[in-house]
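First the structure, in the form of C-alpha coordinates, and then the observations on it.
The values are calculated or read from the model by the stated rules, or taken from the named source; none is laboratory data. Note that the structure is a prediction, hence the values are computed from the model and not measured. For neighbour counting, all protein chains shown are included, and Cβ atoms are generated from backbone atoms with ideal geometry for every residue, glycine included. Ligands, DNA and RNA are excluded from the accessible area calculation, which covers all protein heavy atoms including side chains. Shrake-Rupley method; radii C 1.70, N 1.55, O 1.52, S 1.80 Å.
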Amino acid sequence: LSGSPRVARERALDIQRVESLRSIQYLIDRYFEIEKKLPASLAALGGTDWPEHVSRWADPETKIPFEYRVLSIADGGNSAKYELCAVFKRLADEKTAQDLTPEYASPYFNGEVAGEIFWYHPAGRKCFTLTARHPEKFPHP
(Lines give C-alpha, C1' and ligand atoms only; values in the text may rest on other atoms or scores of the structure.)
Protein backbone atom coordinates (compact mmCIF):
# COMPACT_ATOMS: atom_id res chain seq x y z
CA LEU A 1 0.00 0.00 0.00
CA SER A 2 1.52 3.28 -1.08
CA GLY A 3 -0.47 5.28 1.46
CA SER A 4 0.12 3.09 4.49
CA PRO A 5 1.50 4.62 7.70
CA ARG A 6 4.64 2.46 7.33
CA VAL A 7 5.34 3.79 3.84
CA ALA A 8 4.72 7.38 4.97
CA ARG A 9 7.10 6.88 7.90
CA GLU A 10 9.80 5.37 5.66
CA ARG A 11 9.50 8.28 3.21
CA ALA A 12 9.71 10.80 6.05
CA LEU A 13 12.84 9.09 7.43
CA ASP A 14 14.46 9.12 3.98
CA ILE A 15 13.78 12.85 3.67
CA GLN A 16 15.36 13.35 7.10
CA ARG A 17 18.39 11.37 5.91
CA VAL A 18 18.83 13.61 2.86
CA GLU A 19 18.35 16.74 4.96
CA SER A 20 21.01 15.47 7.37
CA LEU A 21 23.41 14.77 4.52
CA ARG A 22 22.79 18.29 3.20
CA SER A 23 23.59 19.73 6.65
CA ILE A 24 26.77 17.67 6.82
CA GLN A 25 27.70 18.82 3.31
CA TYR A 26 27.30 22.44 4.39
CA LEU A 27 29.47 21.92 7.49
CA ILE A 28 32.17 20.14 5.49
CA ASP A 29 32.18 22.92 2.91
CA ARG A 30 32.49 25.57 5.65
CA TYR A 31 35.25 23.53 7.35
CA PHE A 32 37.11 23.31 4.03
CA GLU A 33 36.71 27.05 3.46
CA ILE A 34 38.09 27.90 6.93
CA GLU A 35 40.66 25.13 7.50
CA LYS A 36 41.77 24.72 3.85
CA LYS A 37 41.40 20.94 4.15
CA LEU A 38 38.68 18.34 4.60
CA PRO A 39 37.97 17.03 8.09
CA ALA A 40 39.51 13.64 8.81
CA SER A 41 36.15 12.46 10.15
CA LEU A 42 32.71 13.85 10.92
CA ALA A 43 33.77 13.99 14.58
CA ALA A 44 36.35 16.63 13.57
CA LEU A 45 33.42 18.94 12.81
CA GLY A 46 32.69 19.00 16.55
CA GLY A 47 35.08 21.93 16.90
CA THR A 48 32.97 24.07 14.59
CA ASP A 49 30.45 26.68 15.69
CA TRP A 50 27.53 24.35 14.91
CA PRO A 51 27.30 21.81 17.77
CA GLU A 52 23.52 21.55 17.24
CA HIS A 53 24.25 19.57 14.08
CA VAL A 54 26.00 16.70 15.90
CA SER A 55 22.73 14.76 16.25
CA ARG A 56 22.29 14.99 12.47
CA TRP A 57 25.50 13.05 11.78
CA ALA A 58 23.67 9.77 12.37
CA ASP A 59 20.76 7.97 10.75
CA PRO A 60 17.51 9.22 12.33
CA GLU A 61 16.19 5.70 12.77
CA THR A 62 19.20 3.48 13.53
CA LYS A 63 21.38 6.21 15.13
CA ILE A 64 24.36 4.75 13.21
CA PRO A 65 26.64 7.56 11.96
CA PHE A 66 26.53 8.31 8.25
CA GLU A 67 29.58 7.17 6.29
CA TYR A 68 32.11 9.82 5.30
CA ARG A 69 35.24 9.30 3.27
CA VAL A 70 37.80 11.65 1.73
CA LEU A 71 38.37 10.74 -1.93
CA SER A 72 40.86 13.25 -3.36
CA ILE A 73 42.45 16.68 -3.22
CA ALA A 74 42.79 18.61 -6.50
CA ASP A 75 43.44 22.00 -8.07
CA GLY A 76 46.50 22.61 -5.91
CA GLY A 77 44.47 22.09 -2.75
CA ASN A 78 41.64 24.39 -3.86
CA SER A 79 39.09 21.60 -4.13
CA ALA A 80 38.55 18.18 -2.63
CA LYS A 81 36.16 15.31 -3.31
CA TYR A 82 34.50 13.35 -0.56
CA GLU A 83 31.71 10.85 -0.17
CA LEU A 84 28.69 10.76 2.13
CA CYS A 85 26.71 7.52 2.34
CA ALA A 86 23.39 6.53 3.86
CA VAL A 87 21.02 3.58 3.77
CA PHE A 88 17.57 4.50 2.48
CA LYS A 89 14.33 2.60 3.01
CA ARG A 90 12.66 3.50 -0.28
CA LEU A 91 13.43 4.59 -3.81
CA ALA A 92 13.19 8.39 -3.87
CA ASP A 93 10.40 9.75 -5.96
CA GLU A 94 11.64 12.22 -8.55
CA LYS A 95 9.57 15.15 -7.23
CA THR A 96 10.96 14.87 -3.68
CA ALA A 97 14.53 14.50 -4.95
CA GLN A 98 14.08 17.55 -7.19
CA ASP A 99 12.69 19.57 -4.27
CA LEU A 100 15.79 18.70 -2.20
CA THR A 101 18.21 19.70 -4.99
CA PRO A 102 18.98 23.44 -4.95
CA GLU A 103 18.31 25.42 -8.11
CA TYR A 104 21.97 26.45 -8.25
CA ALA A 105 23.17 22.83 -8.40
CA SER A 106 26.07 22.74 -10.83
CA PRO A 107 29.51 21.18 -11.14
CA TYR A 108 30.71 23.87 -8.74
CA PHE A 109 28.08 22.88 -6.21
CA ASN A 110 28.27 19.10 -6.04
CA GLY A 111 30.81 17.78 -8.49
CA GLU A 112 28.11 16.19 -10.61
CA VAL A 113 26.47 17.04 -13.92
CA ALA A 114 24.54 20.33 -13.88
CA GLY A 115 20.81 19.76 -13.86
CA GLU A 116 21.05 16.27 -12.37
CA ILE A 117 18.56 15.55 -9.64
CA PHE A 118 21.35 15.12 -7.17
CA TRP A 119 19.61 13.72 -4.10
CA TYR A 120 17.80 10.99 -6.04
CA HIS A 121 18.51 7.62 -4.42
CA PRO A 122 17.55 3.95 -4.61
CA ALA A 123 16.35 1.88 -1.70
CA GLY A 124 19.41 0.60 0.16
CA ARG A 125 22.92 2.03 0.46
CA LYS A 126 23.73 5.08 -1.66
CA CYS A 127 26.91 7.16 -1.66
CA PHE A 128 26.94 10.74 -2.92
CA THR A 129 30.21 12.12 -4.28
CA LEU A 130 30.59 15.79 -3.37
CA THR A 131 33.20 18.45 -4.04
CA ALA A 132 34.33 21.11 -1.58
CA ARG A 133 35.89 24.14 -3.23
CA HIS A 134 37.26 27.42 -2.00
CA PRO A 135 34.49 29.88 -2.89
CA GLU A 136 36.87 32.60 -4.03
CA LYS A 137 38.40 30.18 -6.55
CA PHE A 138 35.12 28.57 -7.69
CA PRO A 139 32.16 30.90 -7.03
CA HIS A 140 28.60 29.70 -7.50
CA PRO A 141 27.23 30.74 -10.89
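Might you work out the accessible area of TYR68 for me, using a 1.4 Å probe with all protein chains in place, and round it to the nearest 10 Å²? So the heavy atoms of TYR68 present about 40 Å² to solvent. Annotation: amide H-H contacts under 5 Å for LEU91 (H modelled 1.01 Å from N, sequence separation of 5 or more, or interchain): ALA123. Using the Cβ of ASP14 as centre and a radius below 9 Å, the other residues enclosed give a net charge of +3, where K and R count +1 and D and E count -1.
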